[in-house]
Amino acid sequence: MAPTTTRRGSALIAACIVSTIALVALDIGTKTWAENALSAERTGERPEVCASDEDGYIRYQRARRPGLVVIEDVFELEYAENCGAAFGLLRNAPTALRTTIFGIAATAATIVLLWLFIQGRGGPWFAWSVPFVVSGALGNLIDRIRYGYVVDFIHWHWRDEFDYPTFNVADIAITIGVVLLLIDGFRREEPAKVDEKAAPAAKTKTAEGAGDQRTGDPREAAGE
């Protein structure tokens with residue numbers, strides 16, 4: 001039997017929406033900063049968006065400036081344009097196809113998660129995850145609609161031995177949200193199970209009690 005759920009109140013729904021908007025604004029704001037501080041307008045004719053040249057190299061729409069080193073050989077802020085999804089998935093696909101696929105995925109995730117949230121599904125961890133996942137999906141989708149690519153600027157690496165793909169605040173939000181979803185799934189309480197050994201004993205005791213009532217002395221029942 002499925003557990004009953006209670007719709008979340010208007011205050012919680014409003015908090016979820018406000019948090020989502022704030023996270024989207026943070027993502028867009030940091031990307032705008034990265035564009036202004038870590039890149040510049042390209043002089044001359046711009047290359048086609050996310051199109052490979054004769055050498056198979058995708059040229060950026062904006063010219064990169066030197067990055068900001070936060071931790072030497074470990075953490076830098078540098079401008080990048082991601083034409084694909086995580087780890088460059090679909091980066092070589094046509095722009096219209098990428099925008100359509102990622103747009104449908106982002107819209108579906110937003111609608112489903114918000115509907116589940118409003119309906120009261122999941123526990124507290126799920127409720128916390130929704131603004132993170134939705135804001136991350138919307139933040140990157142806004143970039144794809146505006147530019148045809150996503151602006152990244154956070155770069156972690158370990159010298160020349162390890163290099164993690166550059167990412168942004170929206171990617172961080174999605175990662176946090178997915179982790180919270182996993183925690184919610186693992187922490188979900190299961191219905192209490194009846195002790196298999198105790199159950200037959202209880203049934204036997206109940207049956208014996210009923211039998212005693214049926215076989216009792218009629219005179220006792222009459223008060224004699």
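The values are calculated or read from the model by the stated rules, or taken from the named source; none is laboratory data. The model shown is predicted, which means the values in this text are computed figures rather than measured ones. Cβ placement follows ideal geometry from the backbone for every residue including glycine, while neighbour counts extend to all protein chains displayed. Ligands, DNA and RNA are stripped out before the accessible areas are found, and what is left, the full protein with its side chains, is counted by its heavy atoms. Shrake-Rupley method; radii C 1.70, N 1.55, O 1.52, S 1.80 Å.
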| note | So, with points 7 Å from each Cα along the Cβ direction, the R46-T5 label distance in nm works out to 4.2
| query | Which net charge results for the neighbourhood of Q119, defined as the other residues with beta-carbon distances under 11 angstrom from its beta-carbon, given Lys and Arg at +1 and Asp and Glu at -1? | reply | +3
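Summing Lys, Arg as +1 and Asp, Glu as -1, what charge do residues with Cβ under 12 Å from the Cβ of G136 carry, G136 excluded? Provide the component values of the computation, followed by the final result.
Details: positive: none; negative: D27, D143, D171.
Around G136, the surrounding residues sum to -3.
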| Paramagnetic reach from D73 in region 132-159 [backbone N under 19 Å; point 7 Å along Cα→Cβ] | 155-159
| said: For W156, what accessible surface area do you get with a 1.4 Å probe? Give it in Å², rounded to 10. | reply: 100
| query | When all protein chains stay in place, what accessible area (Å², nearest 10, 1.4 Å probe) is found for W33? | reply | 100
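Taking 30 Å as R0, compute the FRET efficiency from the Cβ-Cβ separation of R62 and F162 and round it to 0.05. Walk me through the intermediate numbers first.
On the way: r = 27 Å, r/R0 = 0.89.
Efficiency computed from Cβ-Cβ geometry: 0.65.
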| task | Pull out the extension gain between A96 and T32, defined as 0.36 nm times the separation in residues minus the alpha carbon to alpha carbon distance; nm, one decimal. | result | 20.7 nm
